Amino acid sequence: MKVIYDVLKSLKTTVVLIVLMIPYLVAGTIVPQNKTDAEYLRVFSAGTLKWLKALGFTDAYHAPIFHLLVALFTLNLLVCMWAGYRYLRRVQKEQGTTRQVWLGYLGIVFHLSMLILLAGFILTAVSKKSGTVVVMPGETEVLPELPGYQLKLYWFRIDYMDFHGRVTPKAYVSDVELLVRGRPVARETINVNHPLKYGDLTVYQSSYVQFARVAFVSDTDTVDVQLVRVQSPFVLPTGDGFLILDSYQMGDLYPLHGHEKITTLPPRILVYRFMGHGVQPVGTLTPDQPVILPNGLKLVLLEAVEASGFQYRVDKGVPLVYLGGILFFLLLLLRVYFRAVKGW
Amino acid sequence: MNLVFLKLAFLLYFVALVLYLLVAARLGPRRVLHLLARLSFVVAVGLHAVFLGQRWYFMGHPPLNSMFDAMGVTVFFLALVTLLFEVFTGAYQAVPVSLILVSIAGYVLLYKSNPQPVPLMPALMSYWFYIHVPITIFSYAFFGMAFMYDLSYYLFRFLRRSEYNPRYTKNLIFWGFLLLTAGIFTGSAWANEAWGSYWAWDPKEVWSLITWSLYLIYLHLEFHPSLKRYAFLMNLIAFSSIFMTFLGVNWLTKIFSVESMHTYM
């Protein structure tokens, strides 16, 4: 028992554990993670793949060995803190509360903050629920991972900016309402860096999907109306070919400096014939300008619709991680001040 | 956008490098050369700062979101820390070593990089962008200076003309470690706010953690007499890890097709 205790309180053990964890950290960044054997065999030989799997490098951050190393590191940290505390108590009894004893206790609290951080990580791992959902304007969707929760999208828009002649997105903005068992509980206008928060649940603006409602018009009649997703091939109502619509820019355009709107960009959608192995341009579709298709039909843009994509997450570990992180940083600041500035 | 101020800054960094080398080699009137060297260095840092300010205004955001800009700011911080280090400690031997790195980076920036300004994507339009990125890059400058100081000792020890104070290295690493910790925490807080996950095992995050762990080991070496002698080796390994964190993630995404939210254009 004494041998185990001595090993666990050793700084050399800490160094060895960190050094052993590093290959796992590195592996996760150079070995593609969680792929199929067929995909791995395109990159690695069968022998190499066998080793990578045995060591857990194909799912490095969930590998049992990596988890064991983290657990041992946590234990090592705990035992070091306990050994340090016992040592400081002894010194305190012999010499009183000197500056070194005081700094020693500070060091123990400093290491405790790392344990709080680790506890937060574990809580995140066991409590985390997350998912994604795409909502059309005016519609309500359920959040699959959270029974009873729904998200309603009132509107979604993309603001653009003129970056030296280049039109680029400035903000993705959604007006959303959260409903719990059918009852509205929170409504907010959110964007990428400003999520909606309700208790443990946070809803983030994460993506968008563009659609176009188009009509196929012959000389005499409207043949068909479809809601088409951009960049996805769709079949013509006459069945004689596929079309594909390119993504478009639609929204208010702002200058690089300042907040005065320059103009509103109408949707301009490039239409292609989808040939299976490539595409062939057919024309540009705008609200005022239909495109004449090769089969004689006219393609008319009725409406450009942008749906908003959200990520949602429940994570009970975040407060602990923040507490541990802030405590760690403040105590590190004190340590740096005493060591680097005061020279203690 | 013209690069006149940047070109002038790198010209003066190079002039300062030559003058500092003359001072270190004790060739010519030492005091005059040292004064001229420092003057060139100060003016170079000033011109570099003017360039960054000009670019900030031109792009409408801090110049940090492309490889050209991030590297330019990193070099600026390294030069600034080197200058301050010399002023406060008087250890001028480390300056030419640091300026060699600055000059190499200057060559890469001016002749091998794409200076095309890149617009800021909406995910980066956050006050965290003004905090997380500069703090992290600033930490690299402290770590860089710590390594340059150690390296200059080994280089000039060969010439038997150097004084060395290990406390300088340690203090620089302490400051770097504090800033890198702040950089990782602010990055996590930002990711949590923008994407709902404070840690996503992104290659950049992981390599920052590796760098942080290596410097953590470095800072603990002093507590173990038998490990203390590995300090320079540890400094070298940890500093190499910064290169991997800063530049390597781009290579990883290209070579191993690993996805990252932190790749520079």
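General remarks:
- Per residue, the convex hull volume that the Cα atoms of the range A:83-122 enclose (Å³): 48 Å³
- Principal axis extents of the C-alpha atoms in the range B:85-203 (largest first, rounded to whole Å): 55, 35, 26.
- Calculated from backbone phi, Karplus (6.51, -1.76, 1.60) coupling profile of the range A:260-270 in Hz, x at Gly/Pro: 7, 5, 7, 6, 10, 7, x, x, 10, 10, 6
- Residues A:LYS35 and A:VAL217, FRET efficiency given R0 of 41 Å [Cβ-Cβ distance, rounded to 0.05]: 0.30
- Spin-label proximity, B:LEU84 to the range B:135-149 - amide N less than 15 Å from point 7 Å beyond Cα toward beta carbon: B:135-146
- Centroid-to-centroid, using Cα positions, the range B:166-238 and the range A:1-38 are 16 Å apart.
- What separates the Cα centres of the range A:267-311 and the range B:72-88 is a distance of 54 Å.
- Stretched out straight at 0.36 nm per residue, the stretch from A:TRP51 to A:THR238 would grow longer than its current Cα-Cα span by 61.8 nm.
- Think of the range A:162-285 as having a plus end and a minus end, set by charges on the Cβ of Lys, Arg, Asp and Glu; of A:VAL214, A:GLY182, A:GLY199, A:GLY199 sits farthest toward the positive end of this dipole.
- Shielding of peptide B:204-216 by partners, expressed as the average count of other chain Cβ atoms within 10 Å per residue Cβ, is 3.
- Distance between the modelled labels on B:GLN116 and B:LEU247, one decimal in nanometres: 2.2 nm (7 Å Cα→Cβ projection).
- With each label modelled as a point 7 angstrom along the Cα→C-beta vector, the B:VAL43-A:SER247 pair spans 4.8 nm.
- Diffusion coefficient, µm² s⁻¹, Stokes-Einstein with Kirkwood Rh over alpha-carbon pairs of the protein assembly as shown at 4 °C and 1.567 mPa s: 46 µm²/s
- Enclosed volume per residue, in Å³, of the convex hull spanned by Cα atoms of chain A: 252 Å³
- For the range B:122-265, the fraction of C-alpha pairs more than 25 angstrom apart is 34%.
- Using only the C-alpha atoms, the convex hull of the range A:2-96 corresponds to 102 Å³ per residue.
- Rotationally averaged projected area of the range A:220-344 (alpha carbon convex hull; nm²): 16.3 nm²
- At 1.002 mPa s and 20 °C, Stokes D of the range A:172-252 from Kirkwood alpha-carbon radius, µm² per second: 133 µm²/s
- Expected 222 nm ellipticity per residue - DSSP helices of 4 or more, -39500 (n - 2.57), all of chain B, to 500: -24500 deg cm²/dmol
- Only lysine pairs 8 or more places apart or on separate chains count here, and in the range A:130-314 those with Cα atoms under 27 Å apart total 4.
- ³J(HN,Hα) computed for each position of the range A:19-26 - Karplus, 6.51 cos²θ - 1.76 cosθ + 1.60, integer Hz, glycine/proline x: 4, 6, 6, 4, x, 5, 4, 5
- Less than 5 angstrom separates the built amide H of A:GLN249 from those of A:ARG268, all sequence-distant by 5 or more or on a different chain.
- 5 angstrom amide H check on A:GLY283, placed H, neighbours 5+ away: A:VAL271
- When the pairs A:LYS35/A:LYS129; A:LYS342/B:LYS170; B:LYS170/B:LYS204; B:LYS170/B:LYS228 are compared against a 19 Å limit on Cα-Cα distance, A:LYS35/A:LYS129; B:LYS170/B:LYS204 fall above it.
- Comparing Cα centroids, the range B:91-135 and the range A:179-193 end up 40 angstrom apart.
- Residues listed by number, the range A:201-235, amide nitrogen under 17 Å from A:VAL185 label point at 7 Å toward C-beta: A:201-204
- On the basis of the beta-carbon distance and an R0 of 41 Å, A:HIS111 and A:ARG42 show a calculated FRET efficiency of 0.35.
- Measuring nothing but alpha carbons in the range B:1-42 and taking Rh as the Kirkwood radius, the Rg to Rh ratio lands at 1.12.
- Each residue of the range B:83-91 was assigned a 3J(HN,Hα) from its phi angle through the Karplus expression (A = 6.51, B = -1.76, C = 1.60, θ = phi - 60°), giving 4, 5, 4, 5, 5, 7, 10, x, 7 Hz with x at Gly and Pro.
- Residue-averaged beta-carbon neighbours from other chains (10 angstrom radius) around A:171-177: 1
- For A:VAL228, the residues 5 or more places off, or on other chains, whose built amide H falls under 5 Å of its own are A:ALA212, A:ARG213, A:VAL214.
- Order by protection proxy (mean Cβ within 10 Å, highest first), peptides B:42-51, B:127-136: B:42-51, B:127-136
- Between A:LEU78 and A:THR264, the FRET efficiency estimated from the beta carbon spacing at R0 = 51 angstrom works out to 0.25.
- Diffusion constant of chain B at 25 °C, which comes from Stokes-Einstein with the Kirkwood Cα-pair radius and 0.890 mPa s, µm²/s: 127 µm²/s
FYI, it's all coordinate maths here, none of it is from the lab. All values derive from a computational prediction rather than experimental measurement. Backbone-built Cβ (ideal geometry, glycine too); neighbour counts: all protein chains shown.
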